[in-house]
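The values are calculated or read from the model by the stated rules, or taken from the named source; none is laboratory data. Computed from a predicted model, the values in this text were never measured in an experiment. Here the Cβ is made from the backbone with ideal geometry for all residues, glycine too, and neighbour counts use every protein chain on show. With ligands, DNA and RNA removed, areas are computed over all heavy atoms of the protein, side chains included. Shrake-Rupley method; radii C 1.70, N 1.55, O 1.52, S 1.80 Å.
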Amino acid sequence: MVESENVKAVADQPGDRLLKTQQLQSTYDYIIVGAGSAGCVIARRLVEGTDASVLLLEAGGSDEGIASITDPARWLENIGSSHDWRYGYDSTPRINNRSLLLPRGKVLGGTGSINTLIWARGNRLDYDNWAEAGNIGWDYDSVLPLFKKSEDWEGGGSAWRGVGGPMHIERAQHLNPIGKAFIESGKSYGIPYLDDINVPEPIGVGPINMNVRGGVRCSTADAYLRPVLGKPALTVITGAKVLKLRLSDQRCIGLDVIRDNTVFNLTASQEVILSAGAIDTPRLLMLSGLGPQEELKRLSIPVLADLPGVGQNLQDHPMIAGLCFETKEAVTPFSNNLADTTLFWKSRSGLPSPDLMFLVAQLPYVSTEIGMQYPVPQNAFSIMPSLVRVESRGYLKMRTALHDDPLEIQPNFLEAPADVEALLSAVEIGLDIVSQPACQQLIKRWVAPASRLSRESLRHFLADACLPYFHPVGTCAMGSDKEAVVDAHLRVHGIEGLRIADASIMPTITSANTNAPTVMIAEFVSNLIVAGLGQNKASQSNSH
């Protein structure tokens, strides 16, 4: 191990305006692991709300000057690129033994810098259900102010929208003809128009919300982190991979990090906050001896705390990438993020809230297997139904005790029969909508499927068309039962000085894209820390 005092911290890219040369100290009040959607938020709030010293560590590089990140229409170029950790989901017979891509952002801003830019909170029931499970303070009415605090909504403030926050949010502009036709077809099918997908209980068809400012992606790296980079209390280091946490008497006192092939020992006098995401946060816990006892023993990692829920409860939204239609002529130009229209709907009547979300892609977006079975023409578009209330649960395991070895990541898509039935209904609803006049005016022929399928044939179609929506959550779930990893204040059970604030803490997945809820989670924990420091100062002042 090498002592870390007076080691220069420089940006990965020459001329990067983000990071100036800084001195890396050996001790900080707070160390945040992961400069993604959550980590950038926490760094900003701690620097502005306290006088604490803050170190933000990012294993990836800078996001500065990368056109595929800034341009909403080019986000697909990020998948599998050098800006992507290129993780993958393991195969199962339920999806015909296919391995699936799981992109994760390898830059400042994390996956929020390479995703589809959809800003969606989900449904109020998502959060009310968290609270009803014993997580006090996480009900919708309690977290709504945090959502509002984070955003600068194009329409101004309202009972449920915020204005003046870091993240500029606006409706998709200048919808593509395909998106317009889908909205009109949805309305003629009997679905209400949804002007704002972030109302408390969204149901209907309409334009998406996007985190965009002036036609450029507005990530948390841009919106939260950049404005405070000049603050002396903040140090930001890229290319820094955390190897393990250091604990003493069941307290996290710091961590070991490797950068440029050199290992540094860093101390956190107050807390370490893990914001490395639903994949790397549980891996780091297990590398540090915090996790399922039997799994750690299998890997010959000394058990410091038996936390059986670490790596369990994995959830993602299964998407059907297979409904494809040839257009009579090219429907261009592309607009927004290539999928500017959405639909929230129920797979069956009687559900308390929508369990389906549809996207409409302005180009053909199908799985490799569907593309092999149904040759896709150039002039085509896709409808992608997703199940946003899933019953299937997966897991994450380490294959070896090495910090950079491939993981076993199994979402168990289509494991629950109810998930399969809901997705079968989703496909049928999608085909019903494109059969309406507005879509029929654009469509030359159905490509995939080429015609209506029987329910049984649709099951085989699902197995080939199922892809992830790239929304892994839940692997360090919040709660009070034996499987819970953190409490309602996001403190790791049984360990002092350690919190988790990212999508891994979600007990159940939200019923829409997960980036906005992850930002809210970061605002939640920031509030707790800032308020706690304020109370400590007040009590110290009174004691004197």
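The set of residues from the stretch 459-478 being open to solvent by less than 10 Å² (accessible area, probe 1.4 Å) and at positive phi comprises just one member, GLY474.
Annotation note: Cβ proximity below 6 Å between a residue of the stretch 280-294 that is free of Cβ contacts under 8 Å to residues at least 24 places away in the same chain and a residue that is buried (at least 24 other Cβ atoms within 10 Å of the Cβ) (sequence gap 6+ or interchain) occurs for GLY291/LEU285; GLY291/LEU307; GLY291/VAL310. The numbered conditions (1) under 25 Å from the mean Cα position of the chain (by Cα); (2) surrounded by 24 or more Cβ atoms within 10 Å (Cβ to Cβ) are all true for HIS493 except (2).
Whether a residue is at pLDDT 95 or above, open to solvent by less than 10 Å² (accessible area, probe 1.4 Å) and of a type in the set (D, E, K, R) was assessed, and ASP405 does not pass this test. For the stretch 337-365, the set of residues classified as within 20 Å of GLN378 (Cα to Cα), open to solvent by 30 Å² or more (accessible area, probe 1.4 Å) and of a type outside the set (Phe, Trp, Tyr) consists of LEU363, PRO364, listed by residue number.
Restricting attention to the stretch 144-182, which residues are in a loop (DSSP other than H, G, I, E, B) and under 17 Å from ARG45 (Cβ atoms)? Matches in the stretch 144-182: GLY162, GLY164, GLY165, PRO166.
When you check LEU46 against the structure, is it of a type outside the set (Ser, Thr, Tyr), open to solvent by less than 40 Å² (accessible area, probe 1.4 Å), at pLDDT below 95 and on the phi < 0 side of the Ramachandran plot, yes or no?
On the way: of a type outside the set (Ser, Thr, Tyr): yes; open to solvent by less than 40 Å² (accessible area, probe 1.4 Å): yes; at pLDDT below 95: no; on the phi < 0 side of the Ramachandran plot: yes.
Considered against the rule, which asks whether it is of a type outside the set (Ser, Thr, Tyr), open to solvent by less than 40 Å² (accessible area, probe 1.4 Å), at pLDDT below 95 and on the phi < 0 side of the Ramachandran plot, LEU46 comes out as no.
The residues of the stretch 496-529 that are surrounded by fewer than 24 Cβ atoms within 10 Å (Cβ to Cβ), under 20 Å from the mean Cα position of the chain (by Cα) and either at pLDDT below 95 or polar (S, T, N, Q) (or both) amount to a single one, THR508. Please determine, by comparing only the residues of the stretch 366-386 that are hydrophobic (A, V, I, L, M, F, W, C) and not in a loop (DSSP other than H, G, I, E, B), which one is most open to solvent (accessible area, probe 1.4 Å). Restricting to residues being hydrophobic (A, V, I, L, M, F, W, C) and not in a loop (DSSP other than H, G, I, E, B), the top hit is MET372.
For the stretch 152-179, how many residues are open to solvent by 30 Å² or more (accessible area, probe 1.4 Å) and touching a residue at least 40 places away in the same chain (Cβ under 8 Å)? Please lay out each step first, then the result.
So in the stretch 152-179, the residues open to solvent by 30 Å² or more (accessible area, probe 1.4 Å) come out as 152, 154-155, 157-160, 163-164, 168, 170-171, 173-175, 177.
Going one step further and asking which of them are touching a residue at least 40 places away in the same chain (Cβ under 8 Å), we end up with 155, 160, 168, 170, 173-175, 177.
Qualifying residue count, the stretch 152-179: 8.
Each row is one residue, and each column tells you yes or no for (1) touching a Cys at 6+ places or on another chain (Cβ under 7 Å); (2) closer than 20 Å to GLU408 by Cα; (3) of a type in the set (S, T, N, Q).
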{"residue": "SER457", "(1), (2), (3)": "no, no, yes"}
{"residue": "TYR469", "(1), (2), (3)": "no, yes, no"}
{"residue": "MET478", "(1), (2), (3)": "no, no, no"}
{"residue": "LYS482", "(1), (2), (3)": "no, no, no"}
{"residue": "VAL486", "(1), (2), (3)": "yes, no, no"}
{"residue": "ILE495", "(1), (2), (3)": "yes, no, no"}
{"residue": "ALA503", "(1), (2), (3)": "no, yes, no"}
{"residue": "MET506", "(1), (2), (3)": "no, no, no"}
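Here ASP141 meets each of (1) surrounded by fewer than 16 Cβ atoms within 10 Å (Cβ to Cβ); (2) of a type in the set (Asp, Glu); (3) not in a helix (DSSP H, G or I) with one exception, condition (3). Quick check on ILE136: is it of a type in the set (Val, Ile, Thr), farther than 30 Å from ALA67 by Cβ and open to solvent by 40 Å² or more (accessible area, probe 1.4 Å)? Against the criterion (of a type in the set (Val, Ile, Thr), farther than 30 Å from ALA67 by Cβ and open to solvent by 40 Å² or more (accessible area, probe 1.4 Å)), ILE136 qualifies. State yes or no: is ARG121 crowded, with 24+ Cβ neighbours inside 10 Å, at negative phi, at pLDDT 95 or above and not aromatic (Phe, Trp, Tyr)? It is true that ARG121 is crowded, with 24+ Cβ neighbours inside 10 Å, at negative phi, at pLDDT 95 or above and not aromatic (Phe, Trp, Tyr).
Taken across the stretch 183-202, residues that are farther than 24 Å from THR332 by Cβ, outside any loop (DSSP other than H, G, I, E, B) and open to solvent by less than 10 Å² (accessible area, probe 1.4 Å) do not occur at all.
Restricting the search to the stretch 206-236, which residues are farther than 20 Å from ALA35 by Cβ, in contact (Cβ under 8 Å) with a residue 60 or more places away in the chain and in a loop (DSSP other than H, G, I, E, B)? Even if it seems obvious, please write down each step before you answer.
Here is the first cut: in the stretch 206-236, the ones farther than 20 Å from ALA35 by Cβ are 206-210, 212, 214-215.
Narrowing the set further to residues that are in contact (Cβ under 8 Å) with a residue 60 or more places away in the chain leaves 206-210, 212, 215.
Those that are farther than 20 Å from ALA35 by Cβ, in contact (Cβ under 8 Å) with a residue 60 or more places away in the chain and in a loop (DSSP other than H, G, I, E, B): ILE208, GLY215.
Each residue in the stretch 321-341 was checked for being in contact with a Gly (Cβ under 8 Å, 6 or more places away or on another chain) and of a type in the set (Ser, Thr, Tyr), and 2 pass. Scanning the stretch 203-214 for residues that are over 18 Å from the mean Cα position of the chain (by Cα) and open to solvent by less than 50 Å² (accessible area, probe 1.4 Å) gives GLY204, VAL205, GLY206, PRO207. Of everything in the stretch 109-145 that is among the hydrophobic types (A, V, I, L, M, F, W, C) and under 17 Å from the mean Cα position of the chain (by Cα), the residue that is nearest to SER511 (Cα to Cα) is ALA120.
Given the condition over 26 Å from the mean Cα position of the chain (by Cα), under 19 Å from ASP29 (Cα atoms), in a loop (DSSP other than H, G, I, E, B) and among the basic types (Lys, Arg), answer yes or no: does some residue in the stretch 239-262 qualify? No; the residues of the stretch 239-262 include none that is over 26 Å from the mean Cα position of the chain (by Cα), under 19 Å from ASP29 (Cα atoms), in a loop (DSSP other than H, G, I, E, B) and among the basic types (Lys, Arg). On the stretch given as the stretch 83-109, residues that are at negative phi, open to solvent by less than 70 Å² (accessible area, probe 1.4 Å) and touching a Cys at 6+ places or on another chain (Cβ under 9 Å) total 4. Tallying residues that are under 21 Å from ALA416 (Cβ atoms) and either in contact (Cβ under 8 Å) with a residue 40 or more places away in the chain or in contact with an Asp or Glu (Cβ under 8 Å, 6 or more places away or on another chain) (or both) within the stretch 342-399 yields 27. Are there strands (runs of 3 or more DSSP E) fully within the stretch 295-336 with at least 1 residues that are closer than 27 Å to PRO377 by Cα, touching a strand residue (DSSP E or B) at 6+ places or on another chain (Cβ under 8 Å) and open to solvent by 40 Å² or more (accessible area, probe 1.4 Å)? List them. So the answer is none; nothing clears 1.
Of the residues making up the stretch 265-286, those that are in contact with a helix residue (DSSP H, G or I) (Cβ under 9 Å, 6 or more places away or on another chain), open to solvent by less than 10 Å² (accessible area, probe 1.4 Å) and part of a strand (DSSP E or B) number 2. On the given criteria, is LEU314 of a type in the set (A, V, I, L, M) and closer than 30 Å to ASN97 by Cβ? So LEU314 passes the test.
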